[in-house]
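Participant: I have a structure here, written as structure tokens, and I will follow up with some questions on it.
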Amino acid sequence: MSETTFYFDLGSPFAYLTAERLDEVLPGPVAWQPVSLGALFKMNGRSSWALGEANARQAGMAEVERRAHAYGLQPMRWPDPWPTNYLYAMRAATYAFQAGRGREFTLAAFRHAFARGEDLAVVENVLKAAERVGLDRRAVDDAARDPAIKLALRVATDAAHERGVFGVPTIAVGEELFWGDDRLSDVAAVLATPQ
């Protein structure tokens, strides 16, 4: 069976909905891969639905809230402002995976953002999430400013783009890509099919 990879950005509420449910819905191991959604948007000439027309934005947010409720998750608490710049947070996530605490940090950061309403563009909020999972604040802060970590995130984002990833959440199973938190059951069905 091909490796299963979950591509995410901490600014995406739909990626949050996916991250909270991956382990219960998908059989077998899943590799979590941080990517820069802003960079993917630039490469694909797209933009976030959250930056569009006000009624469409409100409808999107209401849909996220509806899904969170349907999935049995905590009520959504939106950071204000949202969305903002998540590059520091994504570099911290990149480091957290190198330090062996990537999933734990990612879930903590997502919960800070969308269950507590804390803006992950604020360095202190990112460092609180890191500290919550046993990472050293100074090590995370240094790493998020380290050219090697910046490069690692850029390389991962470029590789995702080359693979055909244009948004998050995307789950890749071999050559097949599934975009959107509502595609988890489709991924599960593919993984359950004997190869």
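Participant: How charged is the neighbourhood of R183? Take every other residue with its Cβ under 14 Å from the Cβ of R183, and add Lys/Arg as +1 and Asp/Glu as -1.
Facilitator: Counting the neighbours of R183, the net charge comes to -2.
Participant: Please report the net charge: other residues with Cβ closer than 13 Å to the Cβ of F8, K and R +1, D and E -1.
Facilitator: So the environment of F8 carries a net charge of -1.
Participant: Could you compute the net charge surrounding A129? Neighbours are other residues with a C-beta less than 9 Å from the C-beta of A129; K and R count +1, D and E count -1.
Facilitator: Value of the local net charge: +1.
Participant: For A188 and T84, calculate 0.36 nm times their separation in residues minus their Cα-Cα distance, and state this gained length in nm to one decimal.
Facilitator: Additional length available on full extension: 34.2 nm.
Participant: Could you rank the peptides 61-69, 85-93, 41-49 by their average count of other C-beta atoms within 10 Å per residue, with the highest value first?
Facilitator: 85-93, 61-69, 41-49
Participant: Considering only DSSP states other than H, G, I, E and B, which chymotrypsin sites (Phe, Trp or Tyr not before Pro) in the range 132-180 qualify as loop sites with at most 13 other Cβ atoms within 10 Å?
Facilitator: none
Participant: Just the C-alpha atoms of the chain: what Rg/Rh do they give, with Rh taken as the Kirkwood radius?
Facilitator: 0.94
Participant: Something else: Using 0.36 nm per residue, how much length does the chain from F41 to R66 gain when fully extended, once their Cα-Cα distance is taken away?
Facilitator: Once the chain is fully extended between F41 and R66, it gains 6.4 nm.
Participant: Label A50 and E124 with points 7 Å out from Cα along Cα→Cβ: what is the distance between them in nm?
Facilitator: So the two model labels end up 2.1 nm from each other.
Participant: Report the GluC sites (Glu not before Pro) located in the range 96-195 that are in a DSSP loop and have at most 14 other Cβ atoms inside 10 Å of their Cβ, or state none.
Facilitator: Listed in order of number, the matching sites are E175.
Bear in mind these aren't lab numbers, they're just calculated from the coordinates by the rules spelled out. Here the structure is a predicted model, which means the values were calculated and not measured. As a convention, Cβ positions derive from the backbone with ideal geometry for all residues, glycine included, and neighbour counts pool all protein chains shown.
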